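Undergrad: This structure is in structure tokens; I'll ask about it shortly.
The values are calculated or read from the model by the stated rules, or taken from the named source; none is laboratory data. These numbers were taken from a predicted model, which means no experiment stands behind them. Here Cβ is always computed from backbone atoms with ideal geometry, including for glycine, and neighbour counts include all displayed protein chains.
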Amino acid sequence: MLTGHAPETSRATREPAPGDRLAAWQRALSRTFVDVEVTVEPDRPWTGELTAERLGALQIATEEFGPGTILRSARSVAADPRTHILVRRQLTGTALLLQDGRAAELHPGDLAFHDARRPFRIVLPERQRARILMLPRALLRLEERQLHTLTATVVESADGGAAGLLLPLLDGLVEEVSRPGLPRREQLARAVADILATVALERIGGQPESALWERITASVRTRLGEPGLAPQDIADQHAISLRYLHRLFQRQGTTVGAWVRARRLEAAHEELVRPGAAHRSIAAVAARWGFTSPSHFSRAFRETYGMSPAQWRRTAGTVRTD
């Protein structure tokens, strides 16, 4: 079923001819948002439902579709003058948004921006539901280079900062402005646009995330000696989701486990040649820095530094002057 813009397509989506039905759905999406191409797998049943309304410069729509793929191709970009920013807030199911060389895997509650001025692809493995907001790019008050870094990155409520505070408020405002007969709907629509602009500005500014990264790594350094230190413990300590914690480390080109292991090895590497620790056995140094198995520690040390802990202690001991 299809409702909202292009109501004539609601009849087409109920017709048995698969090609006509798919074409009607593609037309509805293209009229509501920007020109796109839709593909589905011939042997998999799919459904499409769309409700949408325009409130001043802002358009709010609820899309229920899948499985299938929505493509904004280079050809579509060239033929369609619309250059809006689209914001996808995942309600149910999952979606994979690809743009500008990045891929954002969206789960319920996640949000991501995509830019109609450049090609993008949305892959929907199953039926899902999402709220789509479309607004002129000028309302986000971002430079083009900033917009380019914003697209296809996941924003979730657990990110902290403005996102954590404003995304629940955004949901409430969207529900309010969608109610028929509500006074001051256009003013509320502008408030929605302002919230999106704030979230976008924080996202590309990087300062809140950088500060969080510094807090997390500083606290983990104080806990390297805890052999049972787990990613969930770290996430809980900083009141963020486990998925967001992993994503923070991925953005630094590493993983939680690899980063902790490297810092533990660095600490042990330094302690092995510290004069005040000369009385400690290699096993004791390993245990002090969170390694429960001396043999595992020795293997990891050799892989990292090219020699065993004992060799390092002997070699460094012959050249130290302090």
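Undergrad: Can you confirm whether segment 144-152 contains a residue that is touching a Phe, Trp or Tyr at 6+ places or on another chain (Cβ under 6 Å), surrounded by 19 or more Cβ atoms within 10 Å (Cβ to Cβ) and at pLDDT 70 or above?
TA: yes
Undergrad: Taking the stated definitions as given, is Phe249 at pLDDT 95 or above and either surrounded by 13 or more Cβ atoms within 10 Å (Cβ to Cβ) or at negative phi (or both)?
TA: Criteria not met by Phe249.
Undergrad: Next up: Checking Arg27 against (1) among the charged types (D, E, K, R); (2) touching a Ser or Thr at 6+ places or on another chain (Cβ under 9 Å); (3) part of a strand (DSSP E or B); (4) at pLDDT 90 or above, only one condition comes out false. Which one?
TA: (3)
Undergrad: Considering segment 98-119 alone, what residues qualify as being farther than 20 Å from Leu140 by Cα and in contact with a Phe, Trp or Tyr (Cβ under 7 Å, 6 or more places away or on another chain)?
TA: Leu98
Undergrad: Of all residues in segment 124-153, which are part of a loop (DSSP other than H, G, I, E, B) and under 28 Å from Glu41 (Cα atoms)?
TA: Passing the criteria: Pro125, Glu126, Arg127, Thr151, Ala152, Thr153.
Undergrad: Being surrounded by fewer than 18 Cβ atoms within 10 Å (Cβ to Cβ) and part of a strand (DSSP E or B) is the filter here; which residues of segment 35-46 pass it?
TA: Hits for segment 35-46 are Glu37, Thr39.
Undergrad: Separate question: Restricting to segment 212-243, and then to whatever is under 22 Å from Thr292 (Cα atoms) and among the acidic types (Asp, Glu), can you tell me which residue is farthest from the chain's Cα centre (by Cα)?
TA: Let us first name the residues in segment 212-243 that are under 22 Å from Thr292 (Cα atoms), namely 217, 219-234.
Applying the additional criterion that residues be among the acidic types (Asp, Glu) yields 226, 233.
Values: Glu226: 30, Asp233: 21 Å.
Ranking the qualifying residues of segment 212-243, first place goes to Glu226.
Undergrad: In segment 111-131, which residues are hydrophobic (A, V, I, L, M, F, W, C) and surrounded by 20 or more Cβ atoms within 10 Å (Cβ to Cβ)?
TA: Leu111, Ala112, Phe113, Ala116, Phe120, Ile122, Leu124, Ala130
Undergrad: Looking at segment 21-50, which of its residues are in contact with a His (Cβ under 9 Å, 6 or more places away or on another chain) and of a type outside the set (Gly, Ala, Ser)?
TA: Hits for segment 21-50 are Arg31, Thr32, Phe33, Val34, Leu50.
Undergrad: Also, I was wondering about something else. Filter segment 253-272 down to residues that are of a type in the set (Gly, Ala, Ser) and part of a helix (DSSP H, G or I) and give me whichever is farthest from Arg314 (Cα to Cα). Working first, answer last.
TA: The first filter runs over segment 253-272 and keeps only residues of a type in the set (Gly, Ala, Ser), leaving 253, 257-258, 262, 267-268.
Of the ones still in play, those that are also part of a helix (DSSP H, G or I) are 257-258, 262, 267-268.
Working: Gly257: 29, Ala258: 27, Ala262: 22, Ala267: 17, Ala268: 15 Å.
Ranking the qualifying residues of segment 253-272, first place goes to Gly257.
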